[in-house]
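Working notes for the structure below.
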Amino acid sequence: MIIGVLKEIHPGERRVAMAPSVAKQCLKNGDYVFLEQGAGVIANFTDDQYEDCGAEIIESAEKIWEQADVILKIRPPEENLETGKHEADLLRKDACLICLLNPGRNPDLLKRLAKTGGTAIAVDAIPRISRAQSMDVLSS
């Protein structure tokens, strides 16, 4: 499986969806990790740290959207002002996007994602129960 990690484009966002230590574990499990160039820099992780773990640095977000089976982001998909494309429109039919989606507040985004035929998992909609605590974005 190819896991793609994107650079956040929302102004002021300082997080990255995967730390190098997690990338290392994914690679150990037999997955491939593609990281958009510079994705971790704002969170104080260098591209070299990811490469040292075995992740592959990819120049553009579009290439990751084209190749990854699973796409990881922090923020919901939005219009990329540099490319003029909406991130949601890049989701492939056979791919899965995992991120915050705020589904109750973003019906238009959900419709846009549904049109792609891909799968989107809203981590902010995972129930806040003991069993799922490790996936709870508010406490994990």
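Before moving on, here are some points about what is shown:
- Extension gain for VAL41 to GLN25 (0.36 nm times residue separation, less C-alpha to C-alpha distance): 3.8 nm.
- Over segment 70-115 - Rg/Rh using Cα atoms and the Kirkwood inverse-distance radius: 0.93
- P(r) weight above 17 Å for segment 24-66, C-alpha pairs, percent: 30 percent
- In the chain, the DSSP beta bridges split such that about 10 percent are antiparallel, to the nearest 5.
- Considering only PRO107, PRO20, PRO11, the mean-square fluctuation computed in a Gaussian network model of the chain, springs between alpha carbons under 10 angstrom, is largest for PRO11.
- The chain: relative contact order in percent, alpha carbon pairs under 8 Å with at least 6 residues between: 20 percent
- Full-extension gain in nm, GLU13 to THR83, via 0.36 nm per residue minus C-alpha separation: 23.3 nm
- Estimated D of segment 37-128 in µm² per second, where Rh is the Kirkwood radius over Cα pairs and Stokes-Einstein applies at 4 °C, 1.567 mPa s: 91 µm²/s
- Think of each Lys and Arg Cβ as +1 and each Asp and Glu Cβ as -1; about the Cα centre, that makes the dipole of the chain roughly 700 debye.
- Two-site label geometry, ASP94 and LYS111: point separation in nm, points 7 Å out along Cα→Cβ: 3.0 nm
- Gaussian network model of the chain, springs between alpha carbon atoms under 10 Å - residue of LEU91, LEU113, LEU35 with greatest fluctuation: LEU113
A short reminder: the numbers here are calculations on the coordinates, not readings from a lab. Computed from a prediction, not measured in an experiment: that's the story for all the values here. Reconstructed Cβ throughout: ideal geometry from the backbone, glycine too, with neighbour counts over all protein chains shown.
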